[in-house]
1. Provide the per-residue ³J(HN,Hα) series for segment 48-54, in order, calculated from phi with Karplus coefficients 6.51, -1.76, 1.60 and θ = phi - 60°, each as a whole number of Hz, with x at glycine and proline positions.
2. Report the calculated FRET efficiency for F30 and S81 (r = Cβ-Cβ distance, R0 = 30 Å), to the nearest 0.05.
3. Mind telling me which of F11, F30, F45 comes out most flexible in a GNM of the chain, alpha-carbon contacts under 10 Å?
4. Angle, helix 3-18 long axis vs. longest principal axis of the chain, Cα atoms, 0 to 90°, nearest 10?
5. Evaluate the distance, in nm, between pseudo-label points positioned 7 Å from the Cα of N115 and of L96 along their respective Cα→Cβ axes.
6. Provide Rg and Dmax in Å for the chain, with only Cα atoms included in the calculation.
7. Only Cα pairs within less than 10 Å get springs; with that Gaussian network setup on the chain, which residue of S102, S92, S82 has the largest fluctuation?
8. Efficiency by 1/(1 + (r/R0)^6): what FRET value for K70 and L3, r their Cβ-Cβ distance, R0 = 35 Å, to the nearest 0.05?
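Bear in mind that the values in this text are calculations on the coordinates, not laboratory data. Given the structure is predicted, the values throughout are model-derived calculations rather than measurements. Backbone-built Cβ (ideal geometry, glycine too); neighbour counts: all protein chains shown.
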Amino acid sequence: MNLIHYYRQQFLELISQFEPNWEEDRHYRFGFRWNTNAKSYFKEFFQMTQFPSEPLYLVYAIELPERYKKTNISEVVKNASSSYELSLYLFSDKILLSSCVSIESLQQTTLGYVNQARGEMIDLVFSAIQMRVT
């Protein structure tokens, strides 16, 4: 069993016990990916991706509605301190906020990473201040 399959199996075992709302995206071609929106207002994603000659990366992301474009979320993310790599992607109808870690830097289980990244992101989202549009 290679590393990505080991971590996939770990994640499957953990979510079956603690967060069964995750659904695997069988069409994802760059590793493994799961989606959920059952427990929160935001759509969540978790993926494991590994390219040749690269370490395995874990990515947790949340999709925010377009109305967050009227906040200072980009400044909040830019100034955030995290042990993970944070990214913010703007689309016409949504914002994608993601957290990424190399498996080489992982210090917890896959679900532990998801929960810590989720907590950090929720803190950032709730730190964003609504901006007045004049």
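1. 10, 10, 9, 10, x, 6, 10
2. On the way: r = 29 Å, r/R0 = 0.96.
FRET efficiency, F30 to S81: 0.55.
3. For the chain, modelled as a Gaussian network with Cα springs under 10 Å, the answer is F30.
4. Approximately 70 degrees, to the nearest ten.
5. Here the answer is 2.7 nm between the modelled labels.
6. 15.4, 57
7. Per the Cα network of the chain with a 10 Å cutoff, S92 tops the list.
8. Values: r = 42 Å, r/R0 = 1.19.
According to the calculation, E is roughly 0.25.
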